[in-house]
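K.L.:
Below is the structure I would like to discuss, written out as structure tokens.
The values are calculated or read from the model by the stated rules, or taken from the named source; none is laboratory data. This one's a predicted model, so the numbers in the text were calculated from it and none came from an experiment. Positions of Cβ are generated from backbone atoms using ideal geometry, with glycine treated the same way; all protein chains shown enter the neighbour counts. Quick note on the areas: whole protein, heavy atoms, side chains included, nothing else; ligands and nucleic acids left out. Shrake-Rupley method; radii C 1.70, N 1.55, O 1.52, S 1.80 Å.
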Amino acid sequence: MDAEIRNPGADELDAVVATVETSWGYHAGPEEREDARALADLGRTWVAFEGTAPVGVAAALAFELTMPGGAAVAVSGLTEVGVLPTHRRRGLLSALMARHLDDCRGRGEVASVLIASEAAIYPRFGYGPAVTAQSATIDPRRAAFAPTAPGQSGRMTLLGPEDAAAVVPAVYDAYRRSQPGEVSRSPAYWDVLLRDRERWRDGAGPRFVAAHEGGGGFDGYAFYRVKAGWPLGLPAFEMSVEEVVATTSEARAALWRYLLGVDLVVSLDAWSLPTDEPLRSMLADPRALGVTAVRDLLWARLCDVGAALASRAYGGPGAALVLDVTGEGRLRLDAGPSGAECRPAPAAVADLSVAAADLAAAWLGATSWTVLARAGRAVEHTAGAVERAARLFATDPPPHSVTDF
């Protein structure tokens with residue numbers, strides 16, 4: 001590798017954007033450059049330069065990540081990663097990732113998080129899938145609600161762009177503070193998201209924003225799009241649901257009643273639902289909701305393993321575990337509902353051995369230690385250690401995120 005890795009200057013940002021877009025097979029246009037100027041944190045953006053030309057990029061955004069138990073911790077959101085096709089297989093990605101992770105540690109952030117383009121890339125850098133989501137398709141014509149389902153409550157309102165910008169961020173912020181696995185969104189993030197670029201629409205129309213207002217004010221919203229279709233003169237509209245966010249179960253039920261009641265729609269697709277989505281149990285015919293995919297969403301790399309493990313609440317009556325983590329050494333975790341402490345224990349006898357990427361997968365409770373052990377990804381050295389770990393790390397509600405970056 002013969003390249004200089006450094007932060008870019010503001011005057012180099014357009015060329016950096018072009019490099020990322022090219023690495024993904026796109027051409028950078030005015031909108032991409034405008035959005036990057038709004039979001040970019042140059043001090044967190046690492047670029048490989050060959051002379052004055054950028055040939056590889058790894059950028060990051062500052063986030064808070066909600067832990068099981070409600071604590072919020074500082075993490076670095078890795079994004080806009082790419083190397084030009086002409087410069088692959090030269091070690092540039094590895095060098096950029098090393099610089100990013102060093103920067104993450106230097107800032108005192110407990111983890112780096114990302115949404116992976118390809119799942120095989122990031123485990124070698126210590127990342128594991130820390131949040132799982134499901135996609136679903138629903139035929140609204142079959143989606144009658146069961147008599148036991150919550151009724152329509154409050155008031156539904158369609159918001160225009162200005163009202164959405166005034167209402168939605170506060171609702172989201174209240175939701176994310178109680179949802180393990182969710183991240184914060186900066187004003188710049190909201191500004192870019194609400195621009196609703198044509199390239200995000202996949203042939204559908206502009207975004208609709210439906211908001212639910214309960215007794216205490218707005219407490220939920222849904223982002224969705226509609227693609228019109230009239231085969232043989234019959235309505236066959238397709239709805240794409242981007243986000244369903246609510247701070248109460250009543251608001252979530254009301255949002256689903258609204259979405260499934262929009263006229264002319266014969267299919268509804270939702271790309272990122274929690275694994276414990278209650279809609280199936282609200283329907284008279286649970287088969288009306290078909291899960292089309294269960295997939296990794298948010299990946300995590302623990303930059304400070306001790307701080308990361310100590311930052312969350314744990315279940316069960318409490319227990320101690322000595323973890324032998326590949327590349328990190330042995331740590332003793334003393335954890336329970338009231339809190340946790342994690343400290344180095346190089347001389348202790350290990351209860352469990354695990355790779356850093358697999359510990360990250362278990363960190364928020366998305367992957368059970370029982371599953372890790374059955375898959376050969378965690379090795380039990382002390383009888384009952386897997387069962388103790390599974391009880392400790394179990395999370396209710398499970399981790400979830402609707403944030404793309």
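K.L.:
Identify all residues within the range 158-168 that are under 16 Å from Gly216 (Cα atoms) and in contact with a helix residue (DSSP H, G or I) (Cβ under 8 Å, 6 or more places away or on another chain); write none if there are none.
P.N.:
Residue satisfying the conditions is Val168 alone.
K.L.:
Restricting attention to the range 143-154, which residues are surrounded by 13 or more Cβ atoms within 10 Å (Cβ to Cβ) and either at pLDDT below 95 or in a loop (DSSP other than H, G, I, E, B) (or both)? Can you show your working first?
P.N.:
We begin by selecting, within the range 143-154, every residue surrounded by 13 or more Cβ atoms within 10 Å (Cβ to Cβ); these are 143-145, 149-150, 152-154.
The answer is Ala143, Ala144, Ala149, Pro150, Gln152, Ser153, Gly154.
K.L.:
Give the residue that is most open to solvent (accessible area, probe 1.4 Å), with candidates limited to residues of the range 179-197 that are in a loop (DSSP other than H, G, I, E, B) and charged (D, E, K, R). Can you show your working first?
P.N.:
If we filter the range 179-197 for residues that are in a loop (DSSP other than H, G, I, E, B), which is where we start, we get 179-182, 184-186, 194-197.
With charged (D, E, K, R) added as a condition, the list becomes 182, 185, 195-197.
Details: Glu182: 0, Arg185: 26, Arg195: 68, Asp196: 19, Arg197: 30 Å².
The residue in question is Arg195.
K.L.:
For the range 117-151, how many residues are touching a Leu at 6+ places or on another chain (Cβ under 9 Å) and touching a residue at least 40 places away in the same chain (Cβ under 8 Å)?
P.N.:
Counting residues in the range 117-151 that are touching a Leu at 6+ places or on another chain (Cβ under 9 Å) and touching a residue at least 40 places away in the same chain (Cβ under 8 Å) gives 23.
K.L.:
List the pairs whose first member sits in the range 31-45 and is among the small types (Gly, Ala, Ser), whose second member is open to solvent by 50 Å² or more (accessible area, probe 1.4 Å), and whose Cβ atoms are under 7 Å apart, counting only residues at least 6 apart or on separate chains?
P.N.:
That search, which allows pairs on different chains as well, returns Ala38/Asp191; Gly43/Asn7.
K.L.:
What is the residue count in the range 116-142 for residues that are part of a loop (DSSP other than H, G, I, E, B) and either of a type in the set (S, T, N, Q) or crowded, with 20+ Cβ neighbours inside 10 Å (or both)? First the steps, then the outcome.
P.N.:
At the first step, the residues of the range 116-142 found to be part of a loop (DSSP other than H, G, I, E, B) are 116-121, 126-127, 130-131, 139.
When the remaining residues are screened for being either of a type in the set (S, T, N, Q) or crowded, with 20+ Cβ neighbours inside 10 Å (or both), the result is 117, 126-127, 130-131.
Qualifying residue count, the range 116-142: 5.
K.L.:
State the number of residues belonging to the range 15-54 that are closer than 20 Å to Asp102 by Cβ and not aromatic (Phe, Trp, Tyr).
P.N.:
If we filter the range 15-54 for residues that are closer than 20 Å to Asp102 by Cβ, which is where we start, we get 16, 40-49, 54.
Applying the additional criterion that residues be not aromatic (Phe, Trp, Tyr) yields 16, 40-45, 47-48, 54.
Number satisfying all stated conditions: 10.
K.L.:
A further question on this structure: Tell me, please, whether a residue that is part of a strand (DSSP E or B) and open to solvent by 50 Å² or more (accessible area, probe 1.4 Å) can be found in the range 39-60. It would help to see each step written out before you state the result.
P.N.:
First, the residues of the range 39-60 that are part of a strand (DSSP E or B): 46-50, 53-60.
When the remaining residues are screened for being open to solvent by 50 Å² or more (accessible area, probe 1.4 Å), the result is 50.
Yes: one or more hits.
K.L.:
In addition: Looking only at the range 67-115, which residues are open to solvent by 20 Å² or more (accessible area, probe 1.4 Å), closer than 27 Å to Pro397 by Cβ and not in a strand (DSSP E or B)?
P.N.:
Gly69, Gly70, Ala71, Ile115
K.L.:
Moving to a separate point now. Within the range 362-385, how many residues are more than 21 Å from Arg177 (Cα to Cα) and open to solvent by less than 20 Å² (accessible area, probe 1.4 Å)? Give the derivation first.
P.N.:
Looking only at the range 362-385, we keep the residues that are more than 21 Å from Arg177 (Cα to Cα), and these are 367-385.
From what is left, the residues that are open to solvent by less than 20 Å² (accessible area, probe 1.4 Å) are 369, 372, 378, 385.
Looking only at that region, the number is 4.
K.L.:
So, one more: Among the residues of the range 103-114, is there at least one that is more than 24 Å from Pro8 (Cα to Cα) and either modelled with pLDDT of 95 or more or of a type in the set (A, V, I, L, M, F, W, C) (or both)?
P.N.:
Keep residues of the range 103-114 that are more than 24 Å from Pro8 (Cα to Cα), which gives 110.
With either modelled with pLDDT of 95 or more or of a type in the set (A, V, I, L, M, F, W, C) (or both) added as a condition, the list becomes 110.
Yes, some residue in the range 103-114 is more than 24 Å from Pro8 (Cα to Cα) and either modelled with pLDDT of 95 or more or of a type in the set (A, V, I, L, M, F, W, C) (or both).
K.L.:
What are the residue pairs meeting all of these: first residue in the range 11-22, first residue free of Cβ contacts under 8 Å to residues at least 40 places away in the same chain and of a type outside the set (Phe, Trp, Tyr), second residue buried (at least 23 other Cβ atoms within 10 Å of the Cβ) and part of a helix (DSSP H, G or I), Cβ atoms under 9 Å, and 6 or more apart or on different chains?
P.N.:
none
K.L.:
So Gly91 ticks every box in (1) touching a residue at least 40 places away in the same chain (Cβ under 8 Å); (2) touching a Leu at 6+ places or on another chain (Cβ under 8 Å) but one. Which box is left unticked?
P.N.:
Against the list (1) touching a residue at least 40 places away in the same chain (Cβ under 8 Å); (2) touching a Leu at 6+ places or on another chain (Cβ under 8 Å), Gly91 comes up short only on (2).
K.L.:
Pick out the one residue from Pro286, Pro274, Pro278, Pro317 that is open to solvent by 10 Å² or more (accessible area, probe 1.4 Å), within 19 Å of the chain's Cα centre (by Cα) and either polar (S, T, N, Q) or within 23 Å of Asp396 (Cα to Cα) (or both). Spell out how you get there, then give the answer.
P.N.:
Values: Pro286 fails: within 19 Å of the chain's Cα centre (by Cα); Pro278 fails: within 19 Å of the chain's Cα centre (by Cα); Pro317 fails: within 19 Å of the chain's Cα centre (by Cα).
That would be Pro274, the only listed residue that is open to solvent by 10 Å² or more (accessible area, probe 1.4 Å), within 19 Å of the chain's Cα centre (by Cα) and either polar (S, T, N, Q) or within 23 Å of Asp396 (Cα to Cα) (or both).
K.L.:
While we're on this one: With Val245, Val226, Val241, Val265 as the choices, which residue is among the hydrophobic types (A, V, I, L, M, F, W, C) and touching a Pro at 6+ places or on another chain (Cβ under 8 Å)? Write out each step before concluding.
P.N.:
Values: Val245 fails: touching a Pro at 6+ places or on another chain (Cβ under 8 Å); Val226 fails: touching a Pro at 6+ places or on another chain (Cβ under 8 Å); Val241 fails: touching a Pro at 6+ places or on another chain (Cβ under 8 Å).
Being among the hydrophobic types (A, V, I, L, M, F, W, C) and touching a Pro at 6+ places or on another chain (Cβ under 8 Å) holds for just one of Val245, Val226, Val241, Val265, which is Val265.
K.L.:
If the Cβ limit is 6 Å and pairs must be 6+ apart or interchain, which residue in the range 313-331 that is farther than 19 Å from Ala71 by Cβ and hydroxyl-bearing (Ser, Thr, Tyr) pairs with which residue that is assigned to a loop (DSSP other than H, G, I, E, B) and open to solvent by 30 Å² or more (accessible area, probe 1.4 Å)?
P.N.:
Matching pairs, first to second residue: Thr326/Ala355.
K.L.:
For Asp173, indicate whether it is open to solvent by 40 Å² or more (accessible area, probe 1.4 Å), under 30 Å from Ala362 (Cβ atoms) and out of contact with any Gly (no Cβ under 6 Å at 6 or more places or on another chain).
P.N.:
Yes: the conditions hold for Asp173.
K.L.:
What strands (runs of 3 or more DSSP E), lying completely within the range 316-405, carry at least 1 residues that are modelled with pLDDT of 95 or more and in contact with a Pro (Cβ under 7 Å, 6 or more places away or on another chain)? Talk me through it step by step, then tell me what you get.
P.N.:
On the way: elements: 319-325, 329-336, 339-344, 352-354, 378-380.
Correct list: 329-336.
K.L.:
Considering only residues of the range 289-309 that are of a type in the set (A, V, I, L, M, F, W, C) and surrounded by fewer than 19 Cβ atoms within 10 Å (Cβ to Cβ), which is nearest to His100 (Cα to Cα)? Before you say what the answer is, go through the steps one by one.
P.N.:
Within the range 289-309, the first condition is being of a type in the set (A, V, I, L, M, F, W, C), and the residues that meet it are 289, 291, 293-294, 297-300, 302-303, 305, 307-309.
Restricting the remaining residues to those that are surrounded by fewer than 19 Cβ atoms within 10 Å (Cβ to Cβ) gives 291, 293-294, 307.
Details: Val291: 36, Ala293: 31, Val294: 29, Ala307: 19 Å.
Checked the range 289-309; the qualifying residue nearest to His100 (Cα to Cα) is Ala307.
K.L.:
Only one of these is among the polar types (S, T, N, Q) and in contact with a Lys or Arg (Cβ under 9 Å, 6 or more places away or on another chain): Thr148, Thr132. Name it. Walk me through how you get there before you give the answer.
P.N.:
Numbers: Thr148 fails: in contact with a Lys or Arg (Cβ under 9 Å, 6 or more places away or on another chain).
That would be Thr132, the only listed residue that is among the polar types (S, T, N, Q) and in contact with a Lys or Arg (Cβ under 9 Å, 6 or more places away or on another chain).
K.L.:
On to the next question. Any idea which residue in the range 338-361 is surrounded by the fewest Cβ atoms within 10 Å (Cβ to Cβ), counting only those that are under 21 Å from Pro398 (Cβ atoms) and either touching a Ser or Thr at 6+ places or on another chain (Cβ under 6 Å) or touching a residue at least 40 places away in the same chain (Cβ under 8 Å) (or both)?
P.N.:
Among those that are under 21 Å from Pro398 (Cβ atoms) and either touching a Ser or Thr at 6+ places or on another chain (Cβ under 6 Å) or touching a residue at least 40 places away in the same chain (Cβ under 8 Å) (or both), it is Ala357.
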